[in-house]
Amino acid sequence: MASDDTIREQALHWSVRANDPGFLDWEAFTAWLEEDPAHARAYDAVSSAVAEAADLAARGATANDDLALAPPTASRRAWLAGALAASLAAVAGLWLFQAERRDLYTVRTALGETRSLHLDAETRIDLAGGSEIALDRDDTRFARLEQGQALFTVRHDAAHPFVVAVGEERLVDLGTVFDVRHDAEGLSVAVSEGAVQFDPEGAAVRIAPGEVLQRRNGASDYTLSKVPAEQVGEWREGRLTFQAASLAAVAAQLSRVTGIEYAAAPAGSGTVSGSILVAPLRRDPAAIGPLLGVSVKADGGRWVIGAR
């Protein structure tokens, strides 16, 4: 995966060429734009700076330039290269400035609460209980999931893709419905429609429909596995499915969705698999025992689950 600096240099190269009246290589240019959403963003940002540099170059040309058909002198080439480099630096600075100037506001949900946030007519975020998300008042194509779980239904725009920040990672939509969970257990990204690119400037992993990427907190590696597309975001419909999940992960999910405090037994080990409806648990929190084959006992105001 190319670095940000490399992408900006490529964007500068294409912007200079595409603005040449004799440019014909549109097929290669289009292929580069479609190769990565970051390419289109970089091209848009660089184009205005390149236009300004070209204008400076035109104003610096001699009045009888039309008579000089030989290649430009070394000093002229050096001047133009310097102008373009300055433009590139200005664009990089602008990107940093935009990142720093975000006007964020936070939306939180209580355990057991769900909330739908409509960012535009075709973009919605469903926030699970016990979650916190930061949104930008000036940019409806950005969100930062601080903790919890959210289902994103996103209108795709190749020129301005939707970006989700999760800790140190970034997720970029490729036309998408995807579920993101970020809690004490780690990070999970599951896709039901379209695709998501995980860590576009690093690992650049494409998560396709019916796939889930998982990474435990503190781990540098991740796993990519299959998941039925219909299970992605099913918590909105009052169902939870676990596949070889730790007791701590099960307790966290149950607490988030039901609003009832569940906890894993201190010495709890093993994994849990199964699919359950949430509604019966609100009537009887101990019903999780026979449903998932775990032990359950009341401990003050919470329910402790362990292996049988």
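Which of Arg239, Arg137 comes first, and how do the rest follow, when ranked by fewest Cβ neighbours within 10 Å? Don't skip to the end; give the middle numbers.
Working: Arg239 15, Arg137 9.
Fewest to most other Cβ atoms nearby, the residues stand as Arg137, Arg239.
Taking the alpha-carbon centroid of each part, what is the distance from segment 150-182 to segment 195-242 in angstrom? Taking the Cα centre of each part, segment 150-182 and segment 195-242 sit 12 Å apart. Between Asp221 and Ala286, the contour length at 0.36 nm per residue exceeds the alpha carbon distance by 19.8 nm. Beyond 21 Å, the tail of the calculated P(r) for segment 238-307 holds 9 percent of the Cα pairs.
Arrange Thr153, Thr271, Thr30, Thr114 by Cβ neighbour counts within 10 Å, fewest through most, would you? Could you put the intermediate results ahead of the total?
Details: Thr153 20, Thr271 13, Thr30 10, Thr114 17.
Result, fewest neighbours first: Thr30, Thr271, Thr114, Thr153.
Please identify the GluC sites (Glu not before Pro) of segment 140-170 that satisfy two criteria: DSSP loop assignment and at most 14 other Cβ atoms within 10 Å. Which are they? Each step should come with its number before you reach the end.
Numbers: sites: Glu146, Glu168, Glu169; in loops: Glu168.
Passing both the DSSP loop test and the Cβ count: Glu168.
Could you calculate the FRET efficiency of Glu34 with Ala110 from 1/(1 + (r/R0)^6), where r is the beta carbon distance between them and R0 is 35 Å, rounded to 0.05? The computed FRET efficiency comes out at 0.25.
Read-outs throughout are calculated quantities, based only on the coordinates presented, and are distinct from any laboratory measurement. Computed from a predicted model, the values in this text were never measured in an experiment. Please note: Cβ atoms are built from the backbone with ideal geometry, for glycine as well, and neighbour counts cover all protein chains shown.
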